[in-house]
Amino acid sequence: MNLSHFFVIALAMFATVPGGVWAGENKNKNQQDDDGFFYFENSHDWSQSAIYPMSCIETKNGDAVVYSLYNKNHNQCKRNQMGTYKMSVENFIRAYMKQVQKEYENNGNEYQVNGETMAYLQCQQYYYNNNLYYMKVGCRNTGKGFQVQAYTDMYCTQKATMNYNMGVDISSLRVSFETCKACVASSSYNQYNNQYNNNNNQNQYNNYYGSGVTNQHDSMLCASADNYKETCNRACRRAARKVSSTSSRSALSGEGFSAVGKFFLWVLSLSAVFFLLAALAQRKKMSKQDAMIEDAAIKSSGVDKKYIPRIFIGFIFFIIVLILLKKKALTWFFLIAINIALLGYWMHLKKKAEQNAAVSGFQLYGDGGTPA
């Protein structure tokens, strides 16, 4: 067998390589992926699938993004779930940014990701104030974004006790968490380009689009998420849900109460209880006639006396809900209002009791201070 025979056999083997081996564009066209990250077998049809990034969590093997993959007819990621997995922050961001860049390109635009920013997906040395640090992109505390974190070792496994603002811009690393993202996006721009390419007999590795949609091998994100997925066990899913619920509460209510704020929460709550007990004790000292007058006044306001305890309990639960939701302005308003109302009611009863005592004293001793 001569050299020409070997050449023919090699050419035939190359021609029979399945289309799913390459999940991205032609390597000659893009030399940024020369490490083979996007070279893997990918036979799944992603044209009607979706991905749902849940949150970014900290694991014993480093920070990871937890996500779910969905098959077709997923109804905005509500059914037909393939499973919930995790993927290292480095790999997920790399795949996500590649997908975003491709989608922008499909529409005739360009999405720029700073090369220095992408470098921090891996552990990098960083000199700051003449000190050596090790930096790497990891999860934000909210679990819904990323930040550059400081580490004490060259492998970025031990996080520093304090995080430093090194001025590294990672604003381009935008991942839409808790959003159902289609694996393949349609584009009329690429429909025109695809027709042009077909007319020029481009091969299958340069032909990514058909009838206005990307073909099944061009979902950079979902194909990578499927290829590099790791098992997300019960503890992993619990951590992801915890981050999601915490983030949702924070989004609804903002920052929580400070240490001083918590102190005054206790002060106002205890003072409200004190004023309530004082008012009830003072009410027990009322004469039957005054009690009847008080009950008549309450009834005339349209409130049945037997519902007052229920209303008060409901009000307490309402304030507790405001505290849990960290609605600080409303919490302070209602706590102060109930304190003023209870204090006012207690002082009213106390003043009335003093007036009755004075009248009784006058009737008993007369105007001259002598017994009548």
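Among the chymotrypsin sites (Phe, Trp or Tyr not before Pro) within the range 26-122, which fall in a DSSP loop and have no more than 16 other Cβ atoms within 10 Å of their own Cβ? Don't skip to the answer; put the middle values down first.
Numbers: sites: PHE37, PHE38, TYR39, PHE40, TRP46, TYR67, TYR70, TYR85, PHE92, TYR96, TYR104, TYR111, TYR120; in loops: PHE37, PHE38, PHE40, TRP46, TYR111, TYR120.
When the chymotrypsin sites (Phe, Trp or Tyr not before Pro) of the range 26-122 are filtered for loop state and at most 16 Cβ neighbours within 10 Å, PHE40, TYR111 remain.
Go ahead and run the numbers for FRET between ILE316 and HIS348, Cβ-Cβ distance against an R0 of 25 Å, rounding to 0.05. Walk me through the numbers before you get to the answer.
Values: r = 22 Å, r/R0 = 0.87.
In this case the efficiency is close to 0.70.
Pop a pseudo-label 7 angstrom from the Cα along the beta-carbon direction at both ALA235 and GLU58 and give the gap in nm to one decimal.
1.5
To the nearest 0.05, how large is the calculated FRET efficiency for ASP290 and LEU325 if R₀ is 35 Å and r is the Cβ-Cβ distance? Don't skip to the answer; put the middle values down first.
Numbers: r = 41 Å, r/R0 = 1.17.
About 0.30, to the nearest 0.05.
Give LYS86/LYS328; LYS60/LYS136; LYS328/LYS351 a once-over and call out the pairs whose C-alpha atoms are over 25 Å from each other.
Values: LYS86/LYS328 36 Å; LYS60/LYS136 16 Å; LYS328/LYS351 34 Å.
Beyond 25 Å between Cα atoms: LYS86/LYS328; LYS328/LYS351.
So if we plug the beta-carbon distance of TYR133 and ASN80 into 1/(1 + (r/R0)^6) with R0 = 35 Å, what FRET efficiency do we get, rounded to 0.05?
Using R0 = 35 Å, I get an efficiency of 0.20.
So who's got an amide H within less than 5 Å of the one on ARG140, skipping anything under 5 residues away but keeping other chains? H placed 1.01 Å off N, in plane.
Those lying under 5 Å, H to H, from ARG140 are GLY145, PHE146, GLN147.
Ignoring ligands, DNA and RNA, how do TRP332, TRP266, TRP346 rank by accessible area with a 1.4 Å probe, largest first? Present the calculation step by step, with values, prior to reporting the outcome.
Numbers: TRP332 65, TRP266 175, TRP346 45 Å².
Putting TRP332, TRP266, TRP346 in descending order of accessible area: TRP266, TRP332, TRP346.
The values are calculated or read from the model by the stated rules, or taken from the named source; none is laboratory data. Everything quoted here is computed from the prediction, not taken from an experiment. Note: ideal-geometry Cβ built from the backbone for every residue, glycine included; neighbour counts use all protein chains shown. The accessibility values were calculated without ligands, DNA or RNA, using every heavy atom of the protein model including side chains. Shrake-Rupley method; radii C 1.70, N 1.55, O 1.52, S 1.80 Å.
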